[in-house]
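One structure is given below, encoded as structure tokens.
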Amino acid sequence: MASLKREVGIGLLWVAFATVGMKGIALLRKLILARWLAPNDFGLVAYASLAIGVLQLFKELGFGTALIYRRDDVDEAANTIFIAVLVSGCALYGLAWLLAPVVADFFHNPALVAILRVLASTMAISGISQVPLVLLAKGMGFRNKVIPELIAGVAGSGLSIYLAYNWFGVWSIVWGQVATTVLTAILVWFFCPWRPKWQFSWRVARELWDYARHIIGSQILVFFITNIDDAFIGRLRGDAALGTYGLAYDLSNLPATHLSRIVGQVTFPAFSKVQNDLVRLRKAFFQSVKYVSLAAFPIAIITLVYAKPFIIVSYGKKWTPAILPLQLLAVYGLARSIAVNMGNVFKVGNKPKWLLYIASWRLAMMALFLYPAIQWKGVVGVAALSAVVAVIDFCISIYLTNRVLHASWRRYAKLFLPMLVTAVISALIGHQIYTWIGLRIHPFITIPGTGGLALLLYGSVMYFYDPEIRALMADVIRIGLEAFHQWKTARGGSSV
């Protein structure tokens, strides 16, 4: 268990380092672009991303997850997946090219044709890097996985800012995304020792599909769940409304899409190593939930409390309609961030079909109530519906996870309640200090300053309250030093 804990710790550290760096730069990029571009520019890219996302579901077919789960014939499986992903990526790119006018007509915007055709090239390009990235994750080689992704993300963000500054408009976002994909596809091969062979096995493909079909089924449903709101808003309320909703969604889902992704990338390979040992699996699961929750609660609560001053000061008054959706979606993001690892338990517990069942329920609820929500309160109504469905889904996921792990509800309450109470009190104290000094000091200083103070207060209370958190911090420091030593050794350095 110690060896697995060490692997997980080092993996988390590297993925966290890359994700925090990439998302910090991405947040800065979006802040700058939001100043220079109009909401409808973001809406156009959202339309294209929605269409591409539909096609992307059929590119990998859940084979990446199946490859991580697989224990035998790994090289043969990797070669098979590499060829399948390349072929499907190119075919889907051609399909996107042909369907671009249809998509543009659906959203009543002819400018979408060219944007969609250029962005769709990323489906073919990303197929080059898909398998090596999965193999690096499977082997817990997260240092080699995150470095090319980090470099590519920084370069792509820099290109977007440069183009926006030179009045390229919506194309500054488009070319930035393409550049990121191209660089990742090139750089990953400098860090992954595996090289593909042009061998395709129908037997292996069928075996992979037997496991992956439930995964891809749930992924398809989850995609429609998380994007059906975009489609309805764009169709019924237009580009600007979609751009506003997209901004609120991205900001509120920082815990779900970024923090949980950090842990999710590491925990599924780790869970798969102990899938036959219930005691170790249960312990690993609750440790991972604790790691995520420890950060997710203060991020979500501070987002909710600081939404109004943050939006107005950072993005300008034209983005004021995003404030209430941001607050509602913060609840959605919190529930999703914690529930991610429950899905990993279903996968390693040989219950991937449960993901399909949960996703089917969520999609039914969204499809049934989305139109009335838009008619009732527009973007705000959609955000409220998403929050309610996410909370109910969270409770269902806990119930099913307990069936696999033989755990109790009391354990979750004992884990979450101190974090929630401490986060709320810390955020309110920070916001109260902000209101006291807000008129005397520029908000660009007071917002991050008092928000950071709230985080520090939260962290201090939790550190002294929970001995496991103190032990966790000691492990983080130790693992960080080990990772630094490995990096220094890899560069030919020496240590005393």
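A short reminder: the numbers here are calculations on the coordinates, not readings from a lab. The structure displayed is predicted, hence computed values, not measured ones. With ideal geometry, Cβ positions are generated from the backbone for all residues, glycine too; neighbour counts draw on all protein chains shown.
Structure notes:
- Other-chain or far-sequence residues with amide H under 5 Å of GLY238's (modelled H): none
- Cross-link pairs beyond the 27 Å C-alpha cut-off, checked among LYS283/LYS347; LYS145/LYS197; LYS290/LYS318; LYS59/LYS283; LYS377/LYS414; LYS30/LYS347: LYS290/LYS318; LYS59/LYS283; LYS377/LYS414; LYS30/LYS347
- Integer Hz, Karplus 6.51/-1.76/1.60 couplings in order for the range 99-109, x for Gly and Pro: 8, 3, x, 5, 5, 4, 5, 4, 8, 6, 8
- Put in line by how crowded their Cβ is, counting other Cβ atoms within 10 Å and starting with the fewest, PHE106, PHE346, PHE168 read PHE106, PHE168, PHE346.
- Extension gain (nm, one decimal) between ASN350 and ILE441, 0.36 nm per residue minus Cα-Cα: 27.2 nm
- Per-peptide average of other Cβ atoms within 10 Å, ordering 193-202, 451-460 highest first: 451-460, 193-202
- Selection from ILE358, ALA427, LEU278 lying farthest towards where the dipole of the range 238-485 points positive, charges on Cβ: LEU278
- Order by protection proxy (mean Cβ within 10 Å, highest first), peptides 412-420, 169-177: 169-177, 412-420
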